[in-house]
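Throughout, read-outs are computed from the coordinates displayed, never taken from laboratory work. Please read all numbers here as calculations on a predicted model, not as lab measurements. Here the Cβ positions follow ideal geometry from the backbone for every residue, glycine too, while neighbour counts run over all protein chains shown.
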There are 2 protein chains.
Amino acid sequence: MAAPPATRLPPEFDRIARHFAPLAGPAGLGLTDDAALLEPPAGRALVLTVDAMVAGVHYLPDDPPDLVARKLLRVNLSDLAAKGAVPLGYLLTVSVPVDTPDDWFARFAAGLAADQAAYGLALLGGDTTGTPGAATLTATLIGHVAPGGMVRRGGAVAGDLIVVTGTIGDGALGLAAARGQVPDPDGFLAGRYRLPTPRLGLIAPDVAHAALDVSDGLVQDLGHLCRASGVSAEIDAGAVPASAAAFGVGGQGDRTAWLATRLTGGDDYEIVMAVPPGRLAALRARAGALGIPVTPIGVCRPPGPGEPPGVTVLHDGAALTLGPGGWSHF
Amino acid sequence: MAAPPATRLPPEFDRIARHFAPLAGPAGLGLTDDAALLEPPAGRALVLTVDAMVAGVHYLPDDPPDLVARKLLRVNLSDLAAKGAVPLGYLLTVSVPVDTPDDWFARFAAGLAADQAAYGLALLGGDTTGTPGAATLTATLIGHVAPGGMVRRGGAVAGDLIVVTGTIGDGALGLAAARGQVPDPDGFLAGRYRLPTPRLGLIAPDVAHAALDVSDGLVQDLGHLCRASGVSAEIDAGAVPASAAAFGVGGQGDRTAWLATRLTGGDDYEIVMAVPPGRLAALRARAGALGIPVTPIGVCRPPGPGEPPGVTVLHDGAALTLGPGGWSHF
C-alpha cells in the first residue's frame, strides 16, 4: 500500500514547525493544535491589544526582518506599558508574498525570539498565509494587571502635570533618516524608528491619573487623553525633550517646522501621562531606577467656556498652530 | 486663541467611532483606550485562536462585505467549536486600500454585528490601517472551557470512530461555483463557501477523544489528528457525506475526481473527530438536539510496522491516491 498522502506536510506547515513552533510557550501547545490553552494568572485582569503593520506603510519593505519582528512586538508592548500591564504572550499573523524566501522567515523568527527573551513573552498561536499584495503582520498581545491597576486615558484632572518619557520626535525624523532625507551620521534616528523601546514597568495608578503611548504624534495622542478626560492641556514646545541627534537635524534652523515635525510625527512609542504634582517625585524615583528619562512638559486645565477639550502648544509664550496634527494612516 | 488642532479627528478615528465602537462590549472600553480590560471568567481556562483572511486568497474581492466579516468570525469560531470552547470576544485588524468607501465599512460592521448577536461575541479591540496591497483581515478569538475541557488533536486511540459533522466538499465546490466554474442553481454551494457554519456546542471530552475543524481539506486535517495522536485512520470515501448540491455537481460523472476535490478541498469548516464507539450514541443525541448532522466515516488503527501515522482513503475497497492532499496557501 502506498504511503498515506497526508503524511507529507505542505510548506506552510513545515515553515511553522521549523521557525515558529520553537517560540511557543506551554499555552501555545507547540503550535500543533487549533488554539492555545491559557490559564489566566490568578486574581489578575487581562489587558489585550492588537496592532497591524503593513510593508510600505508601517515599515520599509527592505527593513531587516528581525527588526520588523521586534518592532511588531514592541509597538504592542508599548500599549501594554502605557496601561501598566505586565506582558504575558502573543498571537501572530504573517501574510507575506508567496515567494518570500525561507531566510526571511528565519530572520523574522530570530527577531521574535530575541524580544520574547527580553520581555518575558511566549508565542501562543498564529496564522501564516500568502498574499498577492503588501506583507501584513499583526500581533495580539496579552498582558495582565491587578484588579483596578490599569491606567486609562480618561483619568486626568485639571492641575495634573503632562509628563513624557524619553525624547519626542525621533520616530518621525528617523523615518526621514531611514529614507535618506535627513543626515543621521551614527544611525541613531533610523534606529529609533526601526526599533522603539517600550517603557514597561513605569506606569501604575499610584503615579499617573491617565496615560497612553505616543504612536501617532504627541499632539494627537495627548488630544485623545484630553478628550477622554474632559480636560485641556497646555504644553511648552521648548520643554518637549529632543535627542541630541534630533537637535542635529534642524534644531538650529527653522524651529517652527522642526517643532511641528517632532510634535506631530508618529512612531515615538514613548508614553505621555497626566501626573498629580504630588506624585512627580515618586514617578521620578521609579523612572530613575528603570533608567527611563521623564520630563514635565505642561499642565492640564479645565477647557475654556465653549471650548472642546484639546491641546494648546505654546512656543515662546504664543500658541503654535500645527495643522490637523498627528499621523493618520488614512 | 485658535481652536486646539488636535480636537479634529482624522478619518481613521472617525471611522472607528462610527462603525466599530458600537460593537464593543464592556471589556472593549468603547474602543477609546489603547487596550481592552478583560476579567477572565472565574474558574475557566482561555482558548485563543487567530486567523487571517486575504482578499483574493481566502475570499473573493467582490464578496459582499457583510459576508466577509461574518466569514472572518466564523472561521475562527470553527476553531473554538472544535476545541469545545464557548466564545467570548475578539480583537480585529482591518488593513484595506485607502480608497475603500465608507459604505464598505458600514456593511462590514453590519456583518460583524449580526454574528456577534448570533454567537454571543463582543468586540474587544482592534486596529485599522491602510494598505497599498490586498485587503487583509484578522480576528483573534477568545473563548473559554472548564479546566481539562479542551479537546485536543492528539487524543485519538486505535478503535475510535472517525466522525464528521455536516457535509464535506461543499467549500471547495462552492469556491468553484462562486467563480462560475460549476453550476449552482440555487446558490447553495457558493453560500457554503462564503458563509460557513461553526458547529458550536457539540464537542466536549465526554464524546470525542480528539477533534479539529476541516479548513484545509478533510484528508489533510485528519492527517493532523493522526500525527498528533500517533494513530492511522482508514476512511470510506463513499461514507463521507455529500450535500445534494454537491451530488448535482459531478457526483454522477468522474467519481474519483469528484471525490478528490471534496476530500482534499478546503473551506468546509465542519469538524472531524475521533469518537470512542461507546460514546457514539451520546454524540448523536447531543448533535440531534443541536440540529447538527454527524456521520461515522472510518476508524482509527495502529500504524502498520514502519508506517508513519496517516490517512488511508478506501474507495470500493481499494486505497485511493489523492495526491499530496489538502489545500495549502503556499
Review point. Shortest first, in nm, what separates the label point of B:Glu234 from those of the same position in the other copies (7 Å along Cα→Cβ)?
Key: 8.6
Practice item. Find every distance from the label point of B:Phe247 to the corresponding label point in the other copies (7 Å from Cα along Cα→Cβ) and write them in nm, one decimal, shortest first. Key: 8.3
Check your understanding: Name the chain B residue with the Cβ nearest the axis that maps B onto A: which is it, and what is the distance in angstrom?
Key -> B:Gly133, 1
**Study point:** Peptides ranked, highest mean first, by Cβ atoms within 10 Å: ranges B:140-148, A:216-224
**Key:** A:216-224, B:140-148
Study note, to complete from the structure: In the neighbourhood of A:Phe20 defined by beta carbon distances under 12 Å, the net charge of the other residues (Lys, Arg +1; Asp, Glu -1) is -1
Review point. If the range B:161-320 were replaced by its equivalent ellipsoid, with semi-axes equal to the square roots of 5 times the Cα gyration tensor eigenvalues, what would those be, largest first, whole Å?
Key: 25, 20, 13
**Study point:** Estimated inter-spin distance, B:Asp99 and B:Phe247, nm [label 7 Å along Cα→Cβ]
**Key:** 4.8 nm
**Study point:** Helix-derived mean residue ellipticity, 222 nm - over chain B, DSSP H n ≥ 4, -39500 (n - 2.57), to 500
**Key:** -8500 deg cm²/dmol
Check your understanding: For chain B, what is the Kirkwood hydrodynamic radius in Å, using each pair of distinct C-alpha atoms?
Key -> 21.0 Å
Revision key, fill the gap. Excluding residues fewer than 8 positions from A:Lys71 in its own chain, the aspartates and glutamates with Cα under 12 Å of it are A:Asp51, A:Asp63, A:Asp115, A:Asp267, A:Asp268
Check your understanding: How far apart are the A:Thr295 label points across copies, placing each 7 Å from Cα toward Cβ, in nm, shortest first?
Key -> 6.9
Review point. So what's the projected area for the range B:59-108, the Cα convex hull averaged over all directions, in nm²?
Key: 4.1 nm²
Practice item. Starting from the exponent 0.38 and prefactor 2.2 Å, build the expected Rg for the range A:124-178 from its residue count and divide its actual Cα Rg by it. Key: 1.86
Review point. In whole angstrom, and with the biggest value first, how far do the Cα coordinates of the protein assembly as shown range along each principal axis?
Key: 89, 48, 46
Check your understanding: Once the Cβ-Cβ distance between B:Ala106 and B:Ala17 is put in as r, and R0 is 22 Å, what FRET efficiency do you end up with, to the nearest 0.05?
Key -> 0.95
